[in-house]
Amino acid sequence: MDEKIISVNEEKIRTELSGLVRETVEQTLNKLLEHEAENLLKAKPYERSENRDGHRSGSYTRNFETKSGKVKLKIPKLKGIQFETQIIERYKRRESSVEEALIEMYLAGVSVRRIEDVTEQLWGTRVSPGTISNLNKKVYSQIEEWRNRKLEDKYPYIYLDGIYLKKTWGGEVRNISILIAIGVNSEGFREVLGSMEGAKEDKEAWYGFLRHLKERGLTGVKLIISDKCLGLVESIPDFFPEADWQRCMVHFYRNVFAKVPTSSMRETVAMLKAIHSQEDRQAAMDKSKLVIEKLRTMKYNSAADVIEKGIVETLSYMNYPRTHWTRIRTNNPLERIMKEIRRRTRVNGSFPDGESALMLVTARLRHIASSQWGNKKYLDVSRLEKLNFESQ
């Protein structure tokens, strides 16, 4: 009984809200029409003025369909001057902009359910998920054009990573990966370079992604920063043979932490940071040998093995300007973007296909690129010239 009462009350509220929105739209449009007539006549109703052009002759009613419902417009009749209103066309364009706003809401991270609630309050009716999907397809072509644009600058530093999302396929939920690249251009600003769907983060996927970037004009690459992704490191020489590879220091630390007990975590962190705080590469290698020796005396042979095999891969950044070190030794610039994408895609759950996932991720990347993220200088790249690297 209580549920029925609640349902009736909710329906009553929706009806009242819908009527209120429709009434507000009607009043607003009629006031705009009246104001437009006043400007044409150069006089308000019943106002006597020598400067007036024409006279009023009442009004006629016209029904006008809006997304809030049918409203009645009172179109002014004028004598001595023709009344051609622009209000209706402007309103239609505004309704079109509302559609664009829905798309922006979706791309900005607003859930489909929340969009439905908002549109119900505005228009008195819910916009279905199917309608939102159709609206999104309007911008797919623009997103795809941006994703495949030519890369005309040089990018000495490149960050690569992938993110796993869910898609529903044949009644089953499966993983798909979206591979992402960002770079620092010749003027020191960050740019989103590309994105591509990959069945998984394997050599075939990374090979295809690097080829995609190369074919679009990616040049000037000196250092590629990434985790030790399966197939990525093996694919780099095929497209950027002169580039160095920097293994993300943070990801490397996590690999070491997995081999030591929690009780020794703090001490291990201090030892690893001591390696990467050295003044040059040789000093870092010398320090790493001491750390490896100490870990073995502590009986953490597995952790020592990880450092021994991989420490060199984490020191490539030391061949570059010291002022760049903190920003090129980890994949953190891309990790922050990945965090934002996860926040955005979490409201979707699973995607119907890989294309919709790629489009949403790319749209979010395009939004980030146009924000302060891409408009704020990140590095002074002119310092690279002092190292006398040959351009690719």
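The values are calculated or read from the model by the stated rules, or taken from the named source; none is laboratory data. In this text the structure is predicted, and so the values were computed from the model without any measurement. Counting neighbours? That spans all protein chains shown, and the Cβs are built from the backbone with ideal geometry, glycine included. All accessible areas refer to the heavy atoms of the entire protein, side chains included, with ligands and DNA or RNA removed. Shrake-Rupley method; radii C 1.70, N 1.55, O 1.52, S 1.80 Å.
For the reader, a short list of remarks on this structure follows.
- Where a residue in the range 31-44 is within 22 Å of Lys72 (Cβ to Cβ) and its partner, wherever it lies, is among the basic types (Lys, Arg) and open to solvent by 60 Å² or more (accessible area, probe 1.4 Å), with Cβ under 9 Å and at least six apart: Leu32/Arg90; Leu33/Lys74; Glu34/Lys74; Ala37/Arg56; Glu38/Lys44
- Restricting attention to the range 228-257, the residues being under 16 Å from Val312 (Cα atoms), outside any helix (DSSP H, G or I) and at pLDDT below 95 number 1.
- Residue check for Gln278: outside any helix (DSSP H, G or I), touching a Leu at 6+ places or on another chain (Cβ under 7 Å) and modelled with pLDDT of 95 or more: no
- Filter result (more than 15 Å from Ile292 (Cβ to Cβ), assigned to a helix (DSSP H, G or I) and open to solvent by less than 40 Å² (accessible area, probe 1.4 Å)) within the range 314-340: Ser316, Tyr317, Met318, His324, Trp325, Ile328, Pro333, Leu334, Ile337, Met338
- Answer residue from the range 30-63, given it is hydrophobic (A, V, I, L, M, F, W, C) and modelled with pLDDT of 75 or more and is farthest from Glu116 (Cα to Cα) among those: Ala37
- Within the range 281-300, being open to solvent by less than 80 Å² (accessible area, probe 1.4 Å), assigned to a helix (DSSP H, G or I) and not charged (D, E, K, R) holds for Ala283, Ala284, Met285, Ser288, Val291, Ile292, Leu295.
- Summed over the range 376-392, the residues that are modelled with pLDDT of 80 or more and surrounded by 16 or more Cβ atoms within 10 Å (Cβ to Cβ) give a count of 4.
- Matching residues, the range 346-375, being polar (S, T, N, Q) and open to solvent by 10 Å² or more (accessible area, probe 1.4 Å): Asn348, Ser350, Ser356, Ser370, Ser371, Gln372, Asn375
- Scanning the range 177-200 for residues that are in a strand (DSSP E or B) and either without any contact (Cβ under 8 Å) to a residue 60 or more places away in the chain or under 17 Å from Arg383 (Cβ atoms) (or both) gives Ser177, Leu179, Ala181, Gly183, Val184, Phe189, Arg190, Leu193, Gly194, Gly198.
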